[in-house]
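Beneath this line is the structure, given in structure tokens, with notes to follow.
The values are calculated or read from the model by the stated rules, or taken from the named source; none is laboratory data. Computed from a predicted structure; not experimentally measured. Here the Cβ positions follow ideal geometry from the backbone for every residue, glycine too, while neighbour counts run over all protein chains shown. Just so you know, the surface numbers come from the protein's heavy atoms only, side chains and all, with ligands and any DNA or RNA stripped out. Shrake-Rupley method; radii C 1.70, N 1.55, O 1.52, S 1.80 Å.
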Amino acid sequence: MRVAIAGSTGLIGTALVSTLRQGGHDVLRLVRRPPRNPDERAWDPSAATMDASALEGVDAVVNLCGSAMGNRRWSGEVKQAIRDSRIDPTEVLAAAVAEHRVPVLVNASGVGYYGDTGAHEVDERSPMGSGFLAQVCHDWEAATAAAEQAGARVVRVRTGLVISPSGGLMSQLKPLFAVGLGGKLGSGEQYMPWISLDDEVGGIRFALEHDTLSGPVNFSGPDPVTNAEFTRIVGEAMHRPTPMVVPGFALRLVRGAELVDEMVLTGQRAVPAVLLERGYPFQHPTLPAALAAALG
């Protein structure tokens, strides 16, 4: 299979390129600069342009584009950048998939689609929630419409928090836990829908290779945990105490109320019903297993 990947240099994209190539697939990387290597093709989503040959002979497109959501306060400008970095590239890729009759589009999204679900378990049949993140995810997924209307099989990957040996969530947490500053955030009752990097990448490959898989698919571990449970399990894995409790008001002062209320003090008890129903074999079905792989 020949697969074109947008967002190939990020945490997930880098691992996906390696995994697909090891599996015998031919990978092309869409880059926003003049190509420097034979496997690169140029595109400019801000100008809605792409090399004419970029999708030539391509069997599937994977779109992983999107700027970080939680590293800055959510000013109006930052929120617009979050939307633009996801929706504009998706519209360009979906139109290109439609034009070139590419059979498959696997497009990133997030479990933020469900909003704050409290302790209520949600799967792919659950409705859209409320809030900025839910609206972004809804519009992000809607931007794939051109590809779907042209007959492409579209998989919308609703990803949780990715547990990785380097980068992502653990790169922020490990230094704190290492010096005994790990602790729960607010009440700790909010759910944290996690997934190992291996299963994130394995799930995307599974979606590419299984012709009957389409629509929204939750990419989260089958055993979601609360923030308090997550904190305890990370502490145990790192052999460090977790005495800290960071109150919500302090988080809001530092990071901004809207960001904290949507990304830190609330969460989704999301389960991967579709992947489980289709027989995806999770490499790390529990958080301790995912952490063992990430922490070595």
Task: Percent carbon-and-sulfur accessible area, region 220-293, ignoring ligands, DNA and RNA, probe 1.4 Å - done: 60
Open item on the list: Just to be sure I understand the model, the point goes 7 Å from the Cα along the line to the Cβ. What's the resulting D39 to D139 distance in nm?
Closed with: 3.4
Task: Charge dipole (debye, nearest 20) of region 1-64; +1 at Cβ of Lys and Arg, -1 at Cβ of Asp and Glu - done: 200
Task: Between 0 and 90°, nearest 10: helix 197-209 axis offset from the chain longest Cα axis - done: 30
Task: √(5λ) per eigenvalue of the Cα gyration tensor, the chain, largest first, Å - done: 32, 20, 18
- [ ] Specify which residue in the list P127, Q22, A145 is farthest towards the positive end of the charge dipole of the chain, using unit charges on the beta carbon of Lys, Arg (+1) and Asp, Glu (-1), about the Cα centre.
- [x] Q22
- [ ] Quote the charge dipole size of region 68-186 about the Cα centre in Debye, to the nearest 20; the model charges only the Cβ of Lys and Arg (+1) and of Asp and Glu (-1).
- [x] 400
TODO: With a Förster radius of 30 Å, plug the Cβ-Cβ distance of V246 and R72 into 1/(1 + (r/R0)^6) and report the FRET value to the nearest 0.05.
DONE: 0.95
- [ ] Please give the solvent-accessible surface of D51 in Å², to the nearest 10, using a probe radius of 1.4 Å with every protein chain present.
- [x] 60
Task: Formal net charge of residues neighbouring V157 (Cβ-Cβ distance under 14 Å; K, R +1; D, E -1) - done: +2
Task: Accessible area, probe 1.4 Å, largest first, for residues T159, T49, T90 - done: T49, T159, T90
Task: Cα-based Kirkwood hydrodynamic radius, region 132-262, one decimal, Å - done: 16.9
Open item on the list: Mean-square fluctuation check for the chain, GNM, Cα pairs under 10 Å: which of R86, R205, R158 is largest?
Closed with: R205
TODO: Using a 1.4 angstrom probe, figure out how much accessible area region 144-254 has per residue, in square angstrom, rounded to the nearest whole.
DONE: 42
- [ ] With springs connecting C-alpha atoms under 10 Å apart, model the chain as a Gaussian network and identify which of R83, R101, R240 has the largest mean-square fluctuation.
- [x] R240
Task: Accessible-area value, E200, 1.4 Å probe, nucleic acids and ligands omitted, Å² - done: 0
Task: Selected from S220, M244, F282, residue furthest toward positive end of dipole (the chain; charges at beta carbon) - done: M244
Open item on the list: If you take every DSSP beta bridge fully contained in the chain, what fraction is antiparallel? Give it as a percent rounded to 5.
Closed with: 10
Task: For the chain: relative contact order, % (alpha-carbon pairs under 8 angstrom, 6 or more apart) - done: 19
Task: Apportionment of accessible area to carbon and sulfur, region 1-45, percent (1.4 Å) - done: 50
Task: With every protein chain in place, region 78-134: carbon and sulfur % of accessible area (1.4 Å) - done: 49
Open item on the list: Rolling a 1.4 angstrom probe over the protein chains, ignoring ligands and nucleic acids, what is the accessible area of S166 in square angstrom, nearest 10?
Closed with: 80
Open item on the list: Suppose a student asked you for the relative contact order of region 147-241, using Cα pairs under 8 Å spaced at least 6 residues apart; what percent would you report?
Closed with: 42
Open item on the list: Using a Gaussian network model on the chain with a 10 Å cutoff between Cα atoms, which of F249, F230, F177 fluctuates the most?
Closed with: F249
